[in-house]
Structure formats: structure tokens, C-alpha cells
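The values are calculated or read from the model by the stated rules, or taken from the named source; none is laboratory data. All of these numbers come straight from a predicted model, not from anything done at the bench. Cβ placement follows ideal geometry from the backbone for every residue including glycine, while neighbour counts extend to all protein chains displayed.
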């Protein structure tokens, strides 16, 4: 075998052995990591803070609204129905799932929604909530039961400070206590401020 043939044989052996050392051609390809969109707020994580009840909106104010307003007026100005709440959010692109819990009110709801540039909008139906019946005692011994119908969370994310500022709106049907006789509907809206944990 001349030297040219030996060189060619050595190159073929080297090429075959190198091919065996490389990546398995049958192995699945792995995707390169991708960065999140700069046009969608990154909200995944746990946000803990406090929610403060605003004046009730909707309903029959000569009946239920008056009862709630009496309760609000009896509280010191800066402590009106303030409740600790935790909002845990998961995210895939602009789609957001969340769970809001409050140890003081007993409310716990699961939400679905979307994130935009710096905002989030989430909605929940009754079947996705664990909510106790709220009993409101009014003047003249009137008692009303408030049953949750649905809930929504909207807010703005400040990425630099890691804060969430928005509102939680809970919609209730109102009944004569201990009955299924409906008398009103009311939306209780809370101002919610939280910090990412």
C-alpha cells in the first residue's frame, strides 16, 4: 500500500470514529431558551398585601347599602375593612392563572386572565371560589345573607419596585337571611396593594 492509500485509509477511519463520537442523530433536538416578551408584564409569583373596602356599589342602598355603610361609618377612617390577601400567579406568555386567598375573610378564588404591557385582568366564576356566606345585620333587626356570584382582579405591575396596585371586585346576590328570597345585588370593591414575595 503506497503512502497516498495509507493517508486516505487513515482519514476514512478518523471520519468514521469522529462521527461515532458526535451527537446521536436519533436524539431529540432541544429548543434554545427564549426570553419573555418585553410587551407583557411578568407577573408569575406570590404577591402579598392588604385590601381595603371602598363604598359598596350597586344594590338597593335603602336596604343593603345602608347596612354596609353603617358598618363602614363605625370604623376608624384608616382601618375600614382592611384584609390581608395573597395573590399567587402563574404565567405562560400573556395567559395568567391565579389564586387569591384571604385568611381574614375566608375568600379563596381561582382566576384566569391576561397580562399586557404593565397590567393584569383576571376573572373568576362562583364554581372557582370558596366563599363563606356574609351575614349583614342592619337596623330594625333586618338580617341579610350575601352569597358570592363572581370575582375579578385588575391591576398595574411596577416591575422596578415589585408592586401590584389594583382592585378586587366581588359580586354578591343578597337574600333575606336563611332563605332563597333575593332582595338585591351588590359589588364590594377593594383597593389592593401588594408586593412580590
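Points to keep in mind about this one:
- Test: residue in region 125-137 that is crowded, with 16+ Cβ neighbours inside 10 Å and assigned to a loop (DSSP other than H, G, I, E, B): yes
- Condition check for residue 83: at pLDDT below 90, surrounded by 15 or more Cβ atoms within 10 Å (Cβ to Cβ), closer than 27 Å to residue 42 by Cα and under 21 Å from the mean Cα position of the chain (by Cα): yes
- Yes/no for residue 120 being out of contact with any helix residue (DSSP H, G or I) (no Cβ under 8 Å at 6 or more places or on another chain), in contact (Cβ under 8 Å) with a residue 60 or more places away in the chain and not in a helix (DSSP H, G or I): yes
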